[in-house]
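J.: Once you've had a glance at the structure underneath, I'll fire off some questions.
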Amino acid sequence: MTHKIIDRDFFSQPTLTVARALLGQRLVRMVKGERLSGVIVESEAYFGPDDTANHASKGRTARTEVMFGPPGRTYVYLIYGMYYMLNLVTEPESFPAAVLIRALEPVEGLNSMRRYRQGAKPSVSLTNGPGKLSQALQIDKTLHNWDVTFGQRLWLEQGQPVSDSAITTGSRVGISYAAPKDQALPWRFWISGSKFVSR
DNA sequence: TCATTGATGCGCT
DNA sequence: GCGCATCAATGAT
């Protein structure tokens, strides 16, 4: 059974729409000929130059350049010297926005994920956080600015739609540096009751 | 609660 | 250029 690869039109929708719509979709990573995949269960939106939680709010730099580019590309960066964060760029060119993938329900390649996530035993802890899922799926700087609509190395496939009534919203995590009004925005989304969301 | 870890960006020479 | 504070997190304690 084949799944449709999610195309650029999907990422061209408004950022908050994309952040919601990503829940239930499958993130697929090909490593050494093996499919590693999981269903997205948690996301966060980072929207525009006025969102002080958005890295791009401080202006256009080498690091944030990709967010000013076309939708459907990855923004991957290193945080705390050891963890990679995977974001998917949204909105038309020159408007900086992206959605952070925060957690997956692992589906394919769990044994390999366990190997890449040295020390993680229960499968619930393989991908229940943005740093963890990057480790499990071997996502690093080499996948920065990658077009996920090609269907190679890293892409998304259509999964089961998740209705709005099955989605919970909340404030975003780890943005204490942002303005209070931005910290309070309900721009974090997760599938209600999923065991695989971050803690 | 705390140590880890290195790229990034800012403020200065 | 150079030094320094900061960080879309995690795991151990």
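J.: Test A:I6 against the criterion of being of a type in the set (A, V, I, L, M, F, W, C), at pLDDT 95 or above and out of contact with any Phe, Trp or Tyr (no Cβ under 8 Å at 6 or more places or on another chain), and give yes or no.
T.: no
J.: Hey, another quick one. Of the residues in the stretch A:80-122, how many are of a type in the set (D, E), under 17 Å from A:Q13 (Cα atoms) and under 19 Å from the mean Cα position of the chain (by Cα)?
T.: 1
J.: Considering only residues that are more than 16 Å from DNA strand B (Cβ to nearest atom), hydrophobic (A, V, I, L, M, F, W, C) and assigned to a loop (DSSP other than H, G, I, E, B), which ones fall in the stretch A:10-67?
T.: Passing the criteria: A:L22, A:L23.
Yes/no matrix, rows are residues, columns are (1) closer than 22 Å to A:R35 by Cβ; (2) part of a loop (DSSP other than H, G, I, E, B):
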{"site": "A:L78", "(1), (2)": "no, no"}
{"site": "A:Y84", "(1), (2)": "yes, no"}
{"site": "A:S94", "(1), (2)": "no, yes"}
{"site": "A:L100", "(1), (2)": "no, no"}
{"site": "A:A120", "(1), (2)": "yes, yes"}
{"site": "A:N128", "(1), (2)": "yes, yes"}
{"site": "A:Q138", "(1), (2)": "yes, yes"}
{"site": "A:G151", "(1), (2)": "yes, yes"}
{"site": "A:L156", "(1), (2)": "yes, no"}
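J.: Now for a separate question. Condition first: within 13 Å of DNA strand C (Cβ to nearest atom), assigned to a loop (DSSP other than H, G, I, E, B) and not hydroxyl-bearing (S, T, Y). Can you find one or more residues in the stretch A:104-111 that meet it?
T.: No, the stretch A:104-111 contains no residue that is within 13 Å of DNA strand C (Cβ to nearest atom), assigned to a loop (DSSP other than H, G, I, E, B) and not hydroxyl-bearing (S, T, Y).
J.: Related question: For the stretch A:177-185, does any single residue satisfy the condition of being assigned to a helix (DSSP H, G or I), more than 29 Å from A:N111 (Cβ to Cβ) and in contact (Cβ under 8 Å) with a residue 60 or more places away in the chain?
T.: yes
J.: Answer yes if at least one residue in the stretch A:52-72 is within 13 Å of DNA strand C (Cβ to nearest atom), within 24 Å of A:S163 (Cα to Cα) and surrounded by 23 or more Cβ atoms within 10 Å (Cβ to Cβ), and no otherwise.
T.: So far as the stretch A:52-72 goes, no, none of its residues is within 13 Å of DNA strand C (Cβ to nearest atom), within 24 Å of A:S163 (Cα to Cα) and surrounded by 23 or more Cβ atoms within 10 Å (Cβ to Cβ).
J.: Then there is this: Out of A:W187, A:W146, report the one residue that is within 16 Å of DNA strand B (Cβ to nearest atom) and not small (G, A, S).
T.: The match here is A:W146.
J.: Right, A:Q158: in contact with a His (Cβ under 7 Å, 6 or more places away or on another chain), surrounded by 13 or more Cβ atoms within 10 Å (Cβ to Cβ) and at negative phi or not?
T.: Here the answer is yes, as A:Q158 does meet what is asked.
J.: In the stretch A:186-199, what count of residues is obtained for those that are modelled with pLDDT of 95 or more, part of a loop (DSSP other than H, G, I, E, B) and under 17 Å from the mean Cα position of the chain (by Cα)?
T.: The number of residues fulfilling the criteria is 6.
J.: Of everything in the stretch A:22-40 that's touching an Asp or Glu at 6+ places or on another chain (Cβ under 7 Å) and of a type in the set (A, V, I, L, M, F, W, C), which residue is farthest from A:L137 (Cα to Cα)?
T.: That would be A:V39.
J.: So which residues in the stretch A:129-146 are surrounded by fewer than 18 Cβ atoms within 10 Å (Cβ to Cβ) and out of contact with any Phe, Trp or Tyr (no Cβ under 9 Å at 6 or more places or on another chain)?
T.: A:T142
The values are calculated or read from the model by the stated rules, or taken from the named source; none is laboratory data. All values reported here derive from a predicted model rather than from experimental measurement. For neighbour counting, all protein chains shown are included, and Cβ atoms are generated from backbone atoms with ideal geometry for every residue, glycine included.
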